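Trainee: Take a look at this one; I'll ask things after.
What follows is calculated from the coordinates using simple rules that are stated; it is not laboratory data. These numbers were taken from a predicted model, which means no experiment stands behind them. Every residue, glycine among them, receives a Cβ derived from its backbone with ideal geometry; neighbour counts consider all protein chains shown.
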Amino acid sequence: MTDLNLTPNITGADDFYAELLAAHEPLSKEESDALNARLILMLANHIGDREVLSAAIEAARQKA
């Protein structure tokens, strides 16, 4: 198992955030939610480690 990395680890994080926001700009709430769901599932598939994914879900829940 690989540990969940919660340390900032994205090169060009501000640029990525701007790109993510721009992708949502022309969308309705429903379309935006669907984009988020597709993105989450694609990234989860890329990670592929169920223990890491479960840890991420729990960490995200703790931030809510």
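Trainee: Please pick out the residue among Leu53, Leu39, Leu27 that is surrounded by 11 or more Cβ atoms within 10 Å (Cβ to Cβ) and touching a helix residue (DSSP H, G or I) at 6+ places or on another chain (Cβ under 6 Å).
Mentor: Values: Leu39 fails: touching a helix residue (DSSP H, G or I) at 6+ places or on another chain (Cβ under 6 Å); Leu27 fails: touching a helix residue (DSSP H, G or I) at 6+ places or on another chain (Cβ under 6 Å).
Criteria check complete, one pass: Leu53.
Trainee: So which pairs qualify, if the first residue must be in region 8-19 and within 16 Å of Leu39 (Cβ to Cβ), the second must be loosely packed, with under 10 Cβ neighbours inside 10 Å, the Cβ gap must be under 6 Å, and the two must be at least 6 apart or on different chains?
Mentor: As it stands, the answer is Phe16/Ile10, since those pairs meet every condition given.
Trainee: If a residue must be of a type in the set (S, T, N, Q) and within 13 Å of the chain's Cα centre (by Cα), how many such residues does region 10-61 contain? Steps first, please.
Mentor: Keep residues of region 10-61 that are of a type in the set (S, T, N, Q), which gives 11, 28, 32, 36, 45, 54.
Okay, now just the ones that are also within 13 Å of the chain's Cα centre (by Cα), so 36, 45.
Selection size over region 10-61: 2.
Trainee: Counting only residues that are in a helix (DSSP H, G or I) and either touching a residue at least 12 places away in the same chain (Cβ under 8 Å) or among the charged types (D, E, K, R) (or both), how many does region 37-57 have? Even if it seems obvious, please write down each step before you answer.
Mentor: Kept after step one, since they are in a helix (DSSP H, G or I), are these residues of region 37-57: 37-47, 50-57.
Now narrow it down to the ones that are either touching a residue at least 12 places away in the same chain (Cβ under 8 Å) or among the charged types (D, E, K, R) (or both): 38, 50-52, 55-56.
The qualifying residues number 6.
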